Amino acid sequence: MKNILVPVGSSKNAVSHLQYAVDFAEAFGAKVFVVQVYNVFTKAGTMMNVDKIIQRESLEFLNGLVAQVDKKNIDVYVKVLKGDMVETLELACKAADVDLVLVEPRTNSIKDEVYLGKTSGKIIKQMDVPALIVPEGYRFSAPSNILMAIKSAIIKKENVLQPLKDVKSKFDCDVDLLLVKTPYHKAGDFDVNEELGSIVRNTTESINATTFQGVLEHFQSHSPDMLCVVRRKRGFFAKKWEKDTILRKDFFIKTPVLVLSGLK
């Protein structure tokens, strides 16, 4: 894991989130790209150069945040980009060969009932890049036990498990697998291949209406300090991801959540 992207909004948790990103990156010797995306539409003939003003103020804002963080000799780059948020972040990820995006649960929302706000929800829902959701105010500590919850172990994409393997290898942590049989279960869904089997310590099978209900049932008994799930069109967050905002009543975990890109 060499490059980590950190989109920044205007939340009060921004400094804490950046510090976690730097601490996490330090373990891997990775570079951190701190990015803010804006998109404005101006009328023809506008006298003021709005773009330059926004770029300058955004850059000052980001540099101010970074100045409050202990960078620990990690290379931290600050970028202000213009365009559609998701498309622009995806281009930035490709340009910087980003391995992981660190996401704040609520970058702009001040509503207590919200887990993922509109911005962070859109990043998790629409970007096909591995992401790590870091709870507000969460201080970095090396994970020792990861619970991976999936409804199908069928893997067709190459290197999709790499972020999980990187974390396991770097921190020497245990990975427990939770296979959740939902009403959409198909033959072969629980066939664990050699690659996944090689990184898993224990496997538990559960029958639940959704993968998240399986997590709720087994979370306490496993006591993980990180949850790993898979992004897929009809998977872990399915209905919750049909809207950008995700409420706490629908999903709320107090530990970091590693979201892998789809296995298929």
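Before moving on, here are some points about what is shown:
- Accessible surface of region 145-239 [probe 1.4 Å, protein heavy atoms]: carbon and sulfur percent: 46
- Figure note: Met85, Met148 ranked by solvent-accessible area, largest first, 1.4 Å probe, ligands and nucleic acids not counted: Met85, Met148.
- Each Lys or Arg adds one and each Asp or Glu subtracts one; over the other residues with Cβ under 13 Å from the Cβ of Lys170, this totals -2.
- Measuring between alpha carbons in the structure, the pairs from Lys170/Lys254; Lys186/Lys254; Lys12/Lys168 lying more than 26 angstrom apart are Lys186/Lys254; Lys12/Lys168.
- A cut-off under 13 angstrom between Cβ atoms defines the neighbours of Thr88, and their net charge, with Lys, Arg +1 and Asp, Glu -1, is +1.
- Remark: region 1-105 carries a charge dipole of roughly 280 debye about the Cα centre, counting +1 on each Lys and Arg Cβ and -1 on each Asp and Glu Cβ.
- Between Val167, Ala209, Asn145, the Cα set farthest toward the positive side of the dipole of region 145-239 (charges on each charged residue's Cβ, about the Cα centre) is that of Ala209.
- Three-way shape label, region 145-239, alpha-carbon gyration tensor, a/c 1.5: oblate
- The phi-based Karplus calculation (6.51 cos²θ - 1.76 cosθ + 1.60; θ = phi - 60°) puts the 3J(HN,Hα) values of region 57-63 at 5, 5, 5, 4, 4, 5, 4 Hz, whole numbers, x for Gly and Pro.
- Computed with a 1.4 Å probe over protein heavy atoms only, the accessible surface of region 151-238 comes to 53 Å² per residue.
- A crude spin-label estimate for the pair Asp225 and Glu60, with each label 7 Å from Cα along the Cβ direction, gives 4.1 nm.
- Using the Cβ of Arg201 as centre and a radius below 9 Å, the other residues enclosed give a net charge of -2, where K and R count +1 and D and E count -1.
- In terms of accessible area, using a 1.4 Å probe and ignoring ligands and nucleic acids, Phe24, Phe61, Phe219 rank largest first as Phe61, Phe219, Phe24.
- Remark: relative contact order (region 145-239) = 40 percent; criterion is Cα-Cα distance under 8 angstrom and separation of 6 or more residues.
The values are calculated or read from the model by the stated rules, or taken from the named source; none is laboratory data. These figures come from a predicted structure and were not determined experimentally. Virtual Cβ from ideal backbone geometry, glycine too; neighbours counted across all protein chains shown. Surface areas here come from the heavy atoms of the whole protein model, side chains and all, with no ligands, DNA or RNA. Shrake-Rupley method; radii C 1.70, N 1.55, O 1.52, S 1.80 Å.
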